[in-house]
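Below is one structure. I have some questions about it.
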Amino acid sequence: MMPSTRALALCALLSGPALLSQEPDATVPAPPEVVEPVSFVTEHEGVFGAAGSEEPMRYRATAGELHLRNEEGQPTAAVFSFTYERLPIDRKRPVTFVFNGGPGSASVWLHMGVFGPRRVVVPSEADGDDGAAPFEIVDNPLSVLDLTDLVFIDPVGTGFSRVVGQGDEKDFYGLVEDARSIAQFVRRWITENQRWNAPKYLAGESFGTTRAAAVTAELARGGQNLALNGLILISQALDYTGSTPSPDNLIAHVTYLPTMALTARYHGKGRTDLSVEELAEESRRFATDVLAPALFKGSTLADEERERVAEELAALLGLERDYVLRANLRVTVPRFTKELLRDRGVAVGRLDSRYVADEADDNADSARLGDAASNAISSAYTAALQEVLATELEVTMDRPYLTSGSVGSKWRWRPVPDGTFWEPSYVNTARWLSDGLRTNADLRVLVANGYYDLITPFFDAEYTFARHDILADRVQMTYYEAGHMMYVRQADFVQLVRDVREFLAGELAGPGPGPRSRRRLRVSRCERRTAAPIRGCGAPRGRGPARCRG
């Protein structure tokens with residue numbers, strides 16, 4: 001997808017249909033006057049991580065602003081973040097900087113869904129709705145706070161973060177501009193907190209993984225080379241070629257197919273005779289060895305071969321052969337989500353294709369009421385964070401906390417300066433990560449993939465990491481039986497955090513990227529058998545009419 005279109009895929013969904021129709025405001029107000037950064041400091045205790053230990057850990061929570069500055073030293077933005085540090089402070093302790101994506105999403109989803117000391121509870125098994133308040137907020141003993149201090153960053157235009165003083169939105173609302181601002185934040189934070197010689201990690205989700213690769217490159221420049229120890233990429237989106245489902249993008253037809261086949265199986269259609277793992281492998285084979293060559297041949301494909309490919313493709317997707325033929329073997333994801341269960345009058349979700357939504361228009365070619373998963377789990381997060389802000393972190397601000405900022409329509413995807421030749425292309429920061437691995441011998445990468453993610457499919461992750469000269473021996477791929485926010489499902493939340501713990505400790509076993517990295521799936525099944533049927537947590541993001549959070 002071209003950059004302007006990808007903005008709709010990864011950022012316009014932040015606010016759903018309203019954002020798609022939003023026109024830029026012709027009268028942009030001047031940035032607020034600069035005031036001293038605000039900070040709210042509280043102390044807490046909790047039990048985290050250590051198996052068999054009930055010894056409470058004391059920690060300090062700092063919710064507050066940090067000013068970004070221009071070359072003249074003038075404030076340009078006030079970036080709000082949430083920092084959790086073990087007490088007493090250890091300047092050599094690892095620190096992990098966490099952000100979500102969008103672009104235009106605050107860090108609330110990973111904050112209240114995975115890593116923070118408190119979590120919001122939402123339905124786990126794609127069979128319920130979060131409903132309305134009150135929502136349950138619980139301690140998170142699986143938080144990695146016992147291993148690393150945590151800094152949750154809200155980029156400019158999200159949360160409480162905003163442009164101030166000499167700043168301008170165009171300095172922050174862009175692929176490169178955003179990376180520079182986050183890199184400046186990281187450098188300023190570690191300088192003010194004296195953490196230059198501590199291990200440092202980035203954890204991002206969805207567009208946050210695009211950002212993580214770009215920030216890694218930015219931190220290696222600017223006269224202050226900052227080498228990271230690791231990246232945690234949840235539902236990666238580095239090369240958008242494989243995660244942009246449009247009729248003319250042949251690569252996406254290949255990369256999305258395994259997820260679509262698994263989705264059909266989950267809902268009792270397609271190849272139900274195969275296990276999840278077996279079907280994933282079979283659909284990979286068909287996608288690369290059969291579908292890709294057929295699509296490449298286009299109108300020169302012989303009729304007999306077209307019929308054969310259509311029959312096998314229809315069997316994998318759980319669709320009628322005639323429908324696949326009418327689609328010319330190009331069944332796009334938006335249409336698939338509506339067509340798969342049309343006979344039941346429901347559409348499947350894109351953030352997590354285990355979810356379904358009942359829509360009034362059963363003849364529509366795609367979902368009309370947003371994303372099924374987003375609608376089922378999204379409303380709990382804003383309320384839960386607001387509750388924690390007011391009653392636990394004691395934050396009082398004169399402006400609302402924006403879980404999803406309206407920055408998408410203003411976003412600049414151009415990766416080179418104005419005046420420099422650049423032909424629009426798919427957004428791609430994979431090469432920046434490849435370079436980072438080659439210039440930093442200690443940098444390691446964890447890539448977490450959901451089998452039911454129809455936003456950033458797992459086969460795209462494998463495709464991306466196999467074709468950009470990324471050093472496979474320093475990359476681990478993990479897989480989960482949920483969607484884009486795999487931590488929605490309780491068993492996979494437990495497994496994801498376990499995998500992150502092993503990664504931070506340098507103990508995550510198994511090969512690099514590719515179809516044989518399977519250890520995580522087997523453990524996930526074990527968790528499903530042994531875990532109590534409790535409710536998990538999640539954070540939605542999507543494309544088209546869906547809403548995006550990642």
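The values are calculated or read from the model by the stated rules, or taken from the named source; none is laboratory data. All values derive from a computational prediction rather than experimental measurement. Backbone-built Cβ (ideal geometry, glycine too); neighbour counts: all protein chains shown. Accessible surface areas use protein heavy atoms only, side chains included; no ligands, DNA or RNA. Shrake-Rupley method; radii C 1.70, N 1.55, O 1.52, S 1.80 Å.
Going Cα to Cα from Lys410, which aspartates and glutamates come in below 15 Å? Please leave out same-chain ones fewer than 8 positions away.
Glu23, Asp25, Asp168, Glu169, Asp171, Glu177, Asp178
May I pose another question? Using θ = phi - 60° and the Karplus relation 6.51 cos²θ - 1.76 cosθ + 1.60, list the HN-Hα couplings for the range 250-266 in order, rounded to whole Hz, with x at every Gly or Pro.
Whole-Hz 3J(HN,Hα) from phi for the range 250-266: 5, 4, 5, 4, 7, 6, 7, 4, x, 5, 5, 5, 5, 5, 4, 4, 4.
Follow-up. So if R0 is 41 Å, what FRET efficiency would Phe296 and Val176 give, r being the distance between their Cβ atoms, rounded to the nearest 0.05?
On the way: r = 33 Å, r/R0 = 0.82.
It comes out at approximately 0.75.
Determine the gain in length on full extension of the stretch Glu305-Arg326; use 0.36 nm per residue of separation and subtract their C-alpha separation, reporting nm with one decimal. Intermediate values should be presented prior to the final figure.
Values: separation 21, 0.36 × 21 = 7.56 nm, distance 1.51 nm.
Contour length minus Cα-Cα distance gives 6.0 nm.
Express in nm, to one decimal, how much length is gained between Ile89 and Thr420 on full extension, taking 0.36 nm for each residue of separation and deducting their alpha carbon distance. Each step should come with its number before you reach the end.
Values: separation 331, 0.36 × 331 = 119.16 nm, distance 4.64 nm.
Separation in residues times 0.36 nm, less the Cα-Cα distance, equals 114.5 nm.
Assign unit charges at the C-beta atoms only (+1 for Lys and Arg, -1 for Asp and Glu), then state the dipole size of the range 414-461 relative to its Cα centre in Debye, rounded to the nearest 20.
On the way: 4 positive and 6 negative charges, 26 e Å.
So the dipole magnitude of the range 414-461 works out to roughly 120 debye.
Right, something else. Let me know the charge dipole size of the range 370-482 about its Cα centre in debye, to the nearest 20, where only the beta-carbon of Lys, Arg (+1) and Asp, Glu (-1) is charged. Mind showing how you got there, number by number?
Numbers: 9 positive and 15 negative charges, 86 e Å.
Taking the Cα centre of the range 370-482 as origin, the dipole is about 420 debye.
Something else now. Take Gln386 and Val47, extend 7 Å from each Cα along the Cα→Cβ direction, and tell me the distance between the two endpoints in nm.
Once both label points are built, they end up 3.3 nm from each other.
Tell me the carbon and sulfur percent of the accessible area for the range 359-514, rounded to whole percent, probe radius 1.4 Å. The partial results should precede the final answer.
Values: 2870 of 5830 Å².
So the carbon and sulfur contribution to the accessible surface is 49 percent.
May I ask you to evaluate 6.51 cos²θ - 1.76 cosθ + 1.60, the Karplus curve with θ = phi - 60°, for each residue of the range 66-73 and list the ³J(HN,Hα) values in order in whole Hz, giving x for glycine and proline?
Each residue of the range 66-73 in turn: 9, 7, 8, 9, 8, 5, 8, x Hz.
Rounded, prolate or oblate: pick one for the range 31-155, where a ≥ b ≥ c are the square roots of the eigenvalues of its C-alpha gyration tensor, a/c under 1.5 means rounded, and failing that, prolate if a/b is larger than b/c, else oblate.
Working: a/c = 2.30, a/b = 1.32, b/c = 1.75.
Oblate is the answer for the range 31-155, as a/c is 1.5 or above yet b/c matches or exceeds a/b.
Let me ask you something else. Show which lysines lie in cross-link reach of Lys269 when reach means a straight Cα distance below 25 angstrom and same-chain residues fewer than eight apart are skipped.
Straight-line reach from Lys269, under 25 Å: Lys338.
Please list, by residue number, everything in the range 107-146 whose backbone N is under 16 Å from a paramagnetic label point 7 Å out along Cα→Cβ of Phe40.
107-108, 112, 117-118
Then there is this: Please say if the range 163-243 is rounded, prolate or oblate, where rounded means a/c under 1.5 for a ≥ b ≥ c the square roots of the C-alpha gyration tensor eigenvalues, and otherwise the choice is prolate for a/b larger than b/c and oblate otherwise? Write out the running numbers ahead of the final one.
Details: a/c = 2.08, a/b = 1.13, b/c = 1.85.
Verdict is oblate for the range 163-243.
Skip the ligands, DNA and RNA, and give the accessible area per residue of the range 225-383 with a 1.4 Å probe, whole Å². Mind showing how you got there, number by number?
On the way: 6030 Å² over 159 residues.
In whole numbers, the range 225-383 has 38 Å² accessible per residue.
Could you please state how large a percent of the accessible area of the range 38-185 is carbon and sulfur, counting protein chains only and using a 1.4 Å probe? Please report the intermediate quantities before stating the final value.
Values: 2390 of 5150 Å².
Carbon with sulfur: 46 percent of the solvent-accessible area.
Mind giving me the nanometre distance, one decimal, between the label points for Thr191 and Asp168, set 7 Å out from Cα along Cα→Cβ?
So the label points at Thr191 and Asp168 sit 2.4 nm apart.
Under the rule a/c < 1.5 gives rounded, and otherwise a/b versus b/c splits prolate from oblate, where does the range 54-124 land using the Cα gyration tensor?
Details: a/c = 2.82, a/b = 1.29, b/c = 2.18.
Oblate, because a/c is 1.5 or more while a/b does not exceed b/c.
Pop the C-beta distance of Thr288 and Glu33 into the FRET formula with R0 = 60 Å and round what comes out to the nearest 0.05.
On the way: r = 57 Å, r/R0 = 0.96.
Taking R0 as 60 Å, the efficiency between Thr288 and Glu33 is 0.55.
Where does the charge balance sit around Ser299 when Lys and Arg score +1, Asp and Glu -1, over other residues with C-beta under 13 Å from its C-beta?
Local net charge: +1.
Ok, one more. Place a +1 charge on the Cβ of each Lys and Arg in the range 43-189 and a -1 charge on the Cβ of each Asp and Glu, then give the dipole magnitude about the Cα centre in debye, rounded to the nearest 20.
On the way: 14 positive and 23 negative charges, 134 e Å.
That gives the range 43-189 a dipole magnitude of about 640 debye.
Moving on. Run down the lysines and flag those whose C-alpha is under 16 Å from the C-alpha of Lys92, throwing out any fewer than 8 positions away in its chain.
Within the straight-line cut-off, Lys92 pairs with Lys200.
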